[in-house]
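Peer 1: My questions all concern the structure below.
Derivation of every value follows stated rules applied to the coordinates shown; laboratory data play no part. In this text the structure is predicted, and so the values were computed from the model without any measurement. Every residue, glycine among them, receives a Cβ derived from its backbone with ideal geometry; neighbour counts consider all protein chains shown.
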């Protein structure tokens, strides 16, 4: 692939509104709750409608909370623009639901080796023995077996932002899910840079 060719993903963005502001004095930590996708009030629960009304924003289908290092500066009900949050060369984590692939066997899901495909073989694509004998006489939790594949929360970490516009964010690389999937974009968690190292936190506390 030529050096000028880069795998990019265009992420469509919306205008977000703050639904709640949390501070260390009131909640023990700093965070903001952001809502998006305005809907009619009968499409969400009454407690959610009241929560939006208290913040002075219309009913929103989706709600997400983002932790902050310092105290929030935006006012309640204010609109957030992607160009005010992200900029070129930022490193972000993108979380979403992966594409569901249905019920799959261990050969496809975990890369197990298959058996002989000859006429006398009795284990073409079976995963083999799963028990542990008479004692304990059960299958241990977490055993790799045939099961549902995909359709789970996945985070694509440390993606570089290539461009930010009013209606989209362009990142380098791929993101979880298919087209139209709902994603959560946040600054990447890098120990020692965006989040403190455990040893550093202990020394500061001491």
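Peer 1: Give me 117, 60, 162 ranked fewest to most by other Cβ atoms within 10 Å of their Cβ, as a rough exposure proxy.
Peer 2: Sorted ascending by nearby Cβ count, the order is 117, 162, 60.
Peer 1: How far is helix 46-55 tilted, in degrees, relative to the longest principal axis of the Cα atoms in the chain, given as a value from 0 to 90 rounded to the nearest 10?
Peer 2: 40
Peer 1: With each run of n ≥ 4 DSSP H residues scored as -39500 (n - 2.57), what mean residue ellipticity at 222 nm is computed for the chain after dividing by its residue count and rounding to the nearest 500 deg cm²/dmol?
Peer 2: Using -39500 (n - 2.57) per qualifying helix, the result is -3500 deg cm²/dmol.
Peer 1: What length, rounded to one decimal in nm, is gained on full extension from residue 129 through to residue 158, with 0.36 nm per residue of separation minus their alpha-carbon distance?
Peer 2: The span from residue 129 to residue 158 would gain 6.5 nm if fully extended.
Peer 1: Using only alpha carbon pairs under 8 Å that are at least six residues apart, calculate the relative contact order of the chain and give it in whole percent.
Peer 2: Details: 356 pairs, mean separation 52.7, N = 206.
Result for the chain is 26 percent.
Peer 1: Moving on. Give the shape of segment 101-149 as rounded, prolate or oblate, defined through the alpha-carbon gyration tensor: a ≥ b ≥ c are the square roots of its eigenvalues, a/c under 1.5 means rounded, and otherwise the shape is prolate if a/b is larger than b/c and oblate if not.
Peer 2: Values: a/c = 3.04, a/b = 1.22, b/c = 2.50.
Taking the square roots of the gyration eigenvalues as a ≥ b ≥ c, segment 101-149 is oblate.
Peer 1: Next up: Can you give me the distance in nm between label points at residue 99 and residue 14, each placed 7 Å from the Cα along the Cα-to-Cβ direction?
Peer 2: The answer from the label model is 2.4 nm.
Peer 1: Here's a follow-up. Report which label in [x] 19.2; [y] 21.3; [z] 17.9 holds the value of Kirkwood radius over Cα pairs in Å derived from the coordinates of this structure.
Peer 2: [y]
Peer 1: Using 0.36 nm per residue, how much length does the chain from residue 75 to residue 91 gain when fully extended, once their Cα-Cα distance is taken away? Mind showing how you got there, number by number?
Peer 2: Numbers: separation 16, 0.36 × 16 = 5.76 nm, distance 2.60 nm.
Result: 3.2 nm gained on full extension.
Peer 1: Extension gain residue 68-residue 118, at 0.36 nm per residue separation less the Cα-Cα distance, in nm?
Peer 2: Details: separation 50, 0.36 × 50 = 18.00 nm, distance 6.03 nm.
Taking residue 68 through residue 118 to full extension adds about 12.0 nm, to one decimal.
Peer 1: Given a Förster radius of 25 Å and the C-beta distance between residue 107 and residue 181 as r, what FRET efficiency does 1/(1 + (r/R0)^6) yield to the nearest 0.05?
Peer 2: Once the sixth-power term is evaluated, E becomes 0.40.
Peer 1: A follow-up question, please. Going by average Cβ density within 10 Å per residue, which order do the peptides 184-192, 139-147 take, highest to lowest?
Peer 2: 184-192, 139-147
Peer 1: Can you put 42, 36, 16 in order, fewest other beta carbons within 10 Å first?
Peer 2: 42, 36, 16
Peer 1: Which of 39, 94, 160 moves the most in a Gaussian network model of the chain with Cα springs under 10 Å?
Peer 2: Largest GNM mean-square fluctuation: 39.
Peer 1: Also, I was wondering about something else. For segment 23-103, just say rounded, prolate or oblate: build the C-alpha gyration tensor, square-root its eigenvalues into a ≥ b ≥ c, call rounded for a/c under 1.5, and beyond that prolate if a/b exceeds b/c, oblate if not.
Peer 2: Oblate, since a/c reaches 1.5 and b/c is not below a/b.
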